[in-house]
Amino acid sequence: GEDRVVASLLGNPTARLNRETYDRVAERADANPVLHAPFVRNAHVPLDMLNHVYLRVETNLRREIMRKFHGVSPAELETALEASRNHLSSAYGALPDDYQAAKEHVAALSKITPLQPPVLVRLLRENRRTAFLMAFAQLVDIDFDIGRRLLDSKDIDALAMLCRGAGFDRGLFVTLCITIMNDGGGISKAEKYGQLYEQVPISAAQRALRFWKVRAKGTTSAQAA
């Protein structure tokens, strides 16, 4: 009942909500798909809050969010980026038990040679999940918890957006998908993932990636220090 009321309010073009209300609705939308479309399509939702729900909504709504990102001025984008940085939180969950060990492992790898994207495949195949997430977060420059949420949900669309924005090789992306999904699939699956990757516009991916970048130490880093 309450969700329908909120959805109706979001769909009312004359309704004006304050930022605090939008923030509460964004949190509520995390677990309530009925709110996704009206929230994304509301013309007054702050851009940083659209970013907050990006990984939760379906592909078509993600495209709508990307169009909104594309249509804003550099000044508006920077304002939203600052709000996103200030909103970083480790509320997604406690750090993994092996976080410190993984941090040391990735640091050791970095001393041998600067981290490069191919190391991600190796870490996955060695079943070093936390180390993979840490290396991925460093290479793509996002918060650890965003990567963890993406991997937990096996969100290939979001992975494509992040990898494309960071300039990963198509073949590497395909290998990551096959390893993460663990579904075999052979040539047909590889082609599917490759086509998905190519369909992501580079400029749009880079623009979206700016919202996920960590320009300062996030709360995860602070906890692990």
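Read the figures in this text as sums done on the coordinates, not as results from a lab. Computed from a predicted structure; not experimentally measured. Cβ atoms come from the backbone with ideal geometry, glycine included; neighbour counts cover every protein chain shown.
Miscellaneous remarks
- The residues T175, T14, when put in order of fewest to most other Cβ atoms within 10 Å, stand as T14, T175.
- All-pairs alpha carbon distance profile, the range 99-224, 5 Å steps from 0, percent: 2, 10, 21, 24, 21, 13, 6, 2, 0
- The shape of the range 2-86 can be summarised by an equivalent ellipsoid whose semi-axes, obtained from the alpha carbon gyration tensor, come to 20, 14, 12 Å from longest to shortest.
- Amide H contacts under 5 Å for I142: V214, restricted to partners 5 or more places along the chain or on a different chain, H placed in the peptide plane at 1.01 Å from N.
- Candidate aspartates and glutamates - alpha carbon under 16 Å from K103, same-chain residues fewer than 8 apart omitted: E126, D141, D143, D145
- Whole-angstrom gap from the range 93-166 to the range 1-26, using each part's C-alpha centre: 36
- Pairwise alpha-carbon distances in the range 10-49 exceed 15 Å for 30% of all pairs.
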